[in-house]
1. Please give me the summed charge of the neighbours of L107: other residues whose Cβ is under 12 Å from its Cβ, Lys and Arg +1, Asp and Glu -1.
2. Which percent of the accessible area of region 39-102 is formed by carbon and sulfur heavy atoms (probe 1.4 angstrom)?
3. Find out how many positive minus negative residues lie around D77, taking Lys and Arg as positive, Asp and Glu as negative, among other residues whose Cβ is under 13 Å from that of D77.
4. Determine, from the Cβ-Cβ distance of V48 and A87 and an R0 of 30 Å, the FRET efficiency 1/(1 + (r/R0)^6), rounded to the nearest 0.05.
5. So what's the Cα pair-distance distribution over region 39-102, bin width 5 Å, in %?
6. Whole number in Å², please: accessible area per residue of region 39-102, 1.4 Å probe, ligands, DNA and RNA not counted.
Amino acid sequence: CTRLRSQQHFHWYREKNCSSEQEKLYHPNIDLQGNVCLNILREDWKPVLSISAVVYGLVYLFLEPNPSDPLNREAADALRANREEFARLVQRSLRGQSVAGQTFPRLV
């Protein structure tokens with residue numbers, strides 16, 4: 001999987017728009033260090049892909065997480081076992097509560 005913030009093709013964006021702080025997210029395809037598992041940043045990467053293609057890929061990843069290729073196995077297991085419970089855990093994490101022993105920052 002790819003660390004989105006350190007990709008050379010995003011260097012210009014990171015320099016101008018990303019702070020050194022990053023928030024933790026409870027997501028099957030994003031680990032707690034900010035690594036993102038997205039196929040267009042790995043085996044499907046082509047130099048002709050635009051930043052909008054990457055953004056669309058990330059939006060889709062949030063709408064339809066892929067538990068078959070997880071970076072956060074606990075979140076992937078929760079999603080596979082019970083979608084409703086997974087959604088409840090995501091809401092807890094976004095409200096700054098603890099999930100699976102990890103405390104998340106309040107984002108909503």
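The values are calculated or read from the model by the stated rules, or taken from the named source; none is laboratory data. Owing to the predicted nature of the structure, the values given are computational and were not obtained by experimental measurement. A quick note on method: Cβ atoms are made from the backbone with ideal geometry, for glycine too, and the neighbour counts reach across all protein chains shown. These accessible areas exclude ligands, DNA and RNA; they are computed on the full protein's heavy atoms, side chains included. Shrake-Rupley method; radii C 1.70, N 1.55, O 1.52, S 1.80 Å.
1. Summing Lys and Arg as +1 and Asp and Glu as -1 gives +3.
2. 54 percent
3. Cβ neighbours under 13 Å give a net charge of +1.
4. Taking R0 as 30 Å, the efficiency between V48 and A87 is 0.25.
5. Cα pair-distance distribution for region 39-102, in percent: 4, 15, 21, 22, 15, 12, 9, 3, 0.
6. For region 39-102, the solvent-accessible area averages 65 Å² per residue.
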